[in-house]
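Before any comments, here is the structure.
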Amino acid sequence: MTQFYQASTMTAILAFTMTMPVVMPAPVLAQAQQCRTTNATEIASLFDRWNQSLQTGDPNKVVANYDADSILLATLANKPRITSAEKKEYFVHFLEKKPVGKIDSQKITIDCNTASNSGVYTFTFGDGSKVQARYTYNYRWNGKQWLIATHHSSAMPEKVATAAKPEVAGKEGTNSATHTCRPTNTREIASLFDRWNQSLQTGNPDAVVANYGTSSVLLPTLSNEVLMTAEQKKAYFTEFLKKKPSGIIDMRSIFIDCNSAVDAGLYTFTFGDGTQAKARYTYTYGWNGSKWVITSHHSSLFPQR
């Protein structure tokens, strides 16, 4: 089943399949957009709003932070949550643990009517236990308020977690009333995964890293580290490419703003020895003036075996 949505000047597409994903071509985005003026401080406060809703113990108040066609890739569940009912069902059980969240490190990027916040957070539960995890929130302005368009949360893949120094980075108050936009559609954004996947086939970590922007964030499948520099990413992919990975999309959700786009869903990797691994992903892309680059990439194995 494929559902297609158009909201103001942003386009979203959901494609659900366990074989080849279907991506419908979307209308080309207008070359100019009216933008919601914001800054990194406001975007950072959206986590506080979400976290405060957890403290109410009311799953409906938590779900109210999410847009109607948002996707939740939750910390403790394999199944993507698409509908409000599915998200509520997840948070009913999560809130039983009485969670309180705290940001350990974060990287914020802002486009016209969307923003991204990726990093590491720690939850303290009612019994005193703590869990550190990685997160990616992608927000969009619906004309009245900022809502979560995608939320990807994953436990640390390595047993020993390392807390990072808190950091806020972003475009402070640079959004003007109108942005000049890079025209695109969902088919072009979907092809960016193919470009990344083809770079894996070269076996060259430099070719893979070339897909990432200079200030991009990588929350990788098999490491707790938040990889910021090209050197860190190259070191990670040098090891990952030894497995001879090849990926295929199983399910995806694509959202497009002015000079950014998000592709979130599920993918499967087949390795050189014939083994396979299913994982969840969120790519956030930005137009750098000459090409689309990855600004954040969050990949995590299914939490349940």
For this session: Note down the accessible area of THR56, probe 1.4 Å, to the nearest 10 Å².
Result: 70
Exercise. So which GluC sites (Glu not before Pro) in region 60-155 pass both tests, a DSSP loop state and at most 13 other Cβ atoms within 10 Å of the Cβ?
Worked result: GLU96
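Treating only the Cβ atoms of Lys and Arg (+1) and Asp and Glu (-1) as charged, compute the dipole magnitude of region 200-305 about its Cα centre; round to the nearest 20 debye.
Values: 10 positive and 8 negative charges, 47 e Å.
Around 220 debye, computed over region 200-305.
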For this session: Classify region 215-295 as rounded, prolate or oblate from the Cα gyration tensor: take a ≥ b ≥ c as the square roots of its eigenvalues, call it rounded if a/c is under 1.5, otherwise prolate when a/b beats b/c and oblate if not.
Result: oblate
Exercise. Applying the Karplus parametrisation 6.51 cos²θ - 1.76 cosθ + 1.60 with θ = phi - 60° to the phi angles of region 277-290, what ³J(HN,Hα) value in whole Hz is obtained for each residue in order, glycine and proline being reported as x?
Worked result: 9, 9, 8, 9, 9, 9, 9, 10, 10, x, 8, 9, x, 9
Exercise. Accessible area per residue, 1.4 Å probe, Å², for region 200-305: what's the number?
Worked result: 39
Exercise. Each label point is 7 Å from the Cα along the Cα-to-Cβ direction; what then is the distance between the points at THR238 and THR124, in nm?
Worked result: 4.0
For this session: Could you tell me whether region 22-151 comes out rounded, prolate or oblate from its Cα gyration tensor? Rule is a ≥ b ≥ c as square roots of the eigenvalues, rounded for a/c under 1.5, then prolate if a/b exceeds b/c, otherwise oblate.
Result: prolate
Problem set entry | Whole-percent carbon and sulfur share, accessible surface of region 188-253, 1.4 Å | 54
Problem set entry | Whole-Hz ³J(HN,Hα) from phi, Karplus 6.51 cos²θ - 1.76 cosθ + 1.60, for region 185-201, glycine and proline x | 8, 5, 5, 5, 5, 4, 5, 5, 5, 4, 4, 5, 5, 5, 5, 4, 5
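The values are calculated or read from the model by the stated rules, or taken from the named source; none is laboratory data. Just so it is clear, the model here is predicted, and its values are computed rather than measured. Here the Cβ is made from the backbone with ideal geometry for all residues, glycine too, and neighbour counts use every protein chain on show. In case anyone asks, the SASA skips ligands and DNA or RNA and just uses the protein heavy atoms, side chains included. Shrake-Rupley method; radii C 1.70, N 1.55, O 1.52, S 1.80 Å.
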